[in-house]
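Remarks on the structure that follows.
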Amino acid sequence: MVDQEPAAEPHGESRFQAFRRAEELVRHAPLEALRALAPVLHAEPDKPSVQLLAGRAYFHSAQLRHAETALSRTIELDPADHYARFVLGRTLQRLGRLVEALGQMRMAWAMYPLPEYQEAVGEVSARLALSDG
């Protein structure tokens, strides 16, 4: 029996496995996570969880404009996703767009008041206050 190459576009279970693999890699190997996620992103570009994971991988690999695009798409698809708003806020913060960052972080905190969100709001608010003074 001859070994077959994997299909170029995974279906069903293999897409699920690719997504899970990307989740495992996103923090410590974000570029590998993006490679693992590529076929899933191609097959399901309108799935919020896929866009969010891509946004996180772009963020962790410092591809901030791509992160902004993916996270904005996540929010467009699921406006109630507080975590996507928080990561978008962090992305905008790293891009130096503090006013926009603060807006997203405040919204995330209002939706789901985690201490991490509150700390980020305080941090960005302080930076803005210093730049105004």
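The values are calculated or read from the model by the stated rules, or taken from the named source; none is laboratory data. From a predicted model like this one, the values you see are computed outputs, not experimental measurements. When we count neighbours, we look across all protein chains shown, and the Cβ atoms used for this are built from the backbone with ideal geometry, even at glycine.
Overview of results
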{"quantity": "Flag for residue 62 being in a helix (DSSP H, G or I) and at pLDDT 95 or above", "calculated": "no"}
{"quantity": "Candidates 33, 38 - the one that is surrounded by fewer than 19 Cβ atoms within 10 Å (Cβ to Cβ) and either in contact with a helix residue (DSSP H, G or I) (Cβ under 9 Å, 6 or more places away or on another chain) or outside the structural domain of residue 91 (by TED's automatic domain parsing) (or both)", "calculated": "38"}
{"quantity": "Qualifying residue in region 112-125 (condition: surrounded by fewer than 18 Cβ atoms within 10 Å (Cβ to Cβ), under 21 Å from residue 62 (Cβ atoms) and without any contact (Cβ under 8 Å) to a residue 60 or more places away in the chain)", "calculated": "yes"}
{"quantity": "Among (1) of a type in the set (Gly, Ala, Ser); (2) touching a residue at least 12 places away in the same chain (Cβ under 8 Å); (3) under 28 Å from residue 14 (Cβ atoms), the one test that residue 131 misses", "calculated": "(3)"}
